[in-house]
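Everything below concerns the one structure shown next.
The values are calculated or read from the model by the stated rules, or taken from the named source; none is laboratory data. Keep in mind that what you see is a predicted model, and the values were worked out from it rather than measured. As a convention, Cβ positions derive from the backbone with ideal geometry for all residues, glycine included, and neighbour counts pool all protein chains shown. Each accessible area value is taken on the protein alone, full model and side chains, heavy atoms only, with ligands, DNA and RNA left out. Shrake-Rupley method; radii C 1.70, N 1.55, O 1.52, S 1.80 Å.
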Amino acid sequence: MSDTRVARRLGQHGLRASRRLRYLYLSMALWRRRAPIWIAAILIGLVAAVFANGSHLSHELFYQIYDQSPYWALLITPAGLGLSVWLLRTFFDGAGGGGIPQTIIAMQPGMHALRARILTMRAAVGKMVLTLIGVGCGSTMGYEGPIVQVGAAIKYSLNREAALRHEGVARSFILAGAAAGVAAAFNTPLAGIVFAIEEMGRTFDQRASSTILLSVILAGITAIAVLGDYNYFGVVSVVLELRSGWMAIPVCGIVGGIIGGLTSRAILTLAHHLPGPLHGWRINYPILFAIACGLLLAVIGIASDGITFGTGYFRAKEIIEGGGSSMQEYGILKLVSLIITYISGAPGGMFAPSLAVGAGFGLNMSLLLPSLPQAAMVLLGMVAFFSGMTRAPMTGFVIVMEMTSSSSTMIIPLMATALVAANVSRFMNRHALYDGQAEIFLRQLRARHQAN
């Protein structure tokens, strides 16, 4: 064999070895890039499971104390809200609000300073601690909104270097974290994806699809591994025949859209300015104002035999399962408690409480059509109020459907009711709830920047 042929073969072997080494290097680099994404999704699932269990345990602890004497609420609820606002202002500046509006603004271009403040592990821990304090003191808030910010913070923090290099990548991480949080919190993977598209993204970035899907899958599997495969409000076996029950769609859709739209308008108005001297008190004495709100919540709760305390999860489940015959006033009282909790300034979400309010109004509307199943009317009331308040009909119908494992016969009624409610809501309020809150938050950021 000539020296030339030997050299050629050696060169070919060297080229193959070089290609293999290059492929191995690129594969390892790809794994290094993807590992933080996977780890973040798994961590979101674990955090959502801890958040869910912590919420239920703190809720049960409150009621155990309440059962000893209802008047304990006069101490626990004001103290809890006051403590939450004090901790927020002292230690956890980035943990304020419900979580969803803050995350929406963080996705806008040029929000690097805001992301460095609210999408951190410190902010995520603070959000969890403050929300659990709020739930544990009996106020009307939930953890499902805060888990959106927590999920986005985990995803962004663990992939910070990649996010800082490319704005589109940062946006996809925030979207994926938010979607994974909703999916893991409710055990609703479809709702997590729909929420990311409809409420968080508004316009869907195709490049983010694989990151969102992978994050939702891993977070959902992790949450199920910890909590088990569960339905948030149980399994509802109810049938609504369209031939005999079609009237329920416009009734629930119109009523839910009106009430939901007016609620959204009231919340946005009160966030900007409270009537009379209350506005000055909230600005100048935020902790005392929160304590006063807690005292009012305690009085309402005691007067209603305790039904208005907490997230509303257990009460809504009771109503769905056919109970609640003595809770005809639940919807309106829970709505008042929701608004009072919101204006107190304590961090917490309105996602689950709004579904509980909707269940209460659904119970009321079942009296208008007594021939139809109460459970069906309650589900339609939930999706109607939620869609009317948030103007996110796809998220509303998908999340109620998944949370209750509703039968296929309920899909069209839920979808149609959500659509009617969202459109009716437009006549009640010009802005959707979370978009309006995001605009208010953005104005506050600009005012804060100018002041500094």
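Brief remarks follow.
- Qualifying position, being in contact with a His (Cβ under 8 Å, 6 or more places away or on another chain), β-branched (Val, Ile, Thr), closer than 12 Å to PRO347 by Cβ and not assigned by the TED database to the domain that holds LEU445, among VAL85, VAL135, VAL150, VAL129: VAL135
- Among residues of region 174-211 being aromatic (Phe, Trp, Tyr) and open to solvent by less than 10 Å² (accessible area, probe 1.4 Å), the one that is modelled with the lowest pLDDT is PHE186.
- Put simply, of ILE258, ILE302, ILE320, ILE254 the only residue that is within 29 Å of HIS56 (Cβ to Cβ), crowded, with 16+ Cβ neighbours inside 10 Å and under 25 Å from the mean Cα position of the chain (by Cα) is ILE320.
- GLU329 vs. criteria under 19 Å from CYS252 (Cα atoms) and open to solvent by 60 Å² or more (accessible area, probe 1.4 Å): yes
- Number of positions in region 420-435 that are open to solvent by 50 Å² or more (accessible area, probe 1.4 Å) and not in a helix (DSSP H, G or I): 2
Residues checked against (1) within 15 Å of the chain's Cα centre (by Cα); (2) free of Cβ contacts under 8 Å to residues at least 12 places away in the same chain; (3) open to solvent by less than 10 Å² (accessible area, probe 1.4 Å):
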residue: LEU355; (1), (2), (3): yes, no, yes
residue: GLN374; (1), (2), (3): no, no, no
residue: PHE386; (1), (2), (3): yes, no, yes
residue: THR395; (1), (2), (3): yes, no, yes
residue: LEU414; (1), (2), (3): no, no, yes
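- Flag: LEU57 does not match the condition of being modelled with pLDDT of 90 or more, open to solvent by less than 60 Å² (accessible area, probe 1.4 Å), of a type in the set (A, V, I, L, M) and within 30 Å of GLY294 (Cβ to Cβ).
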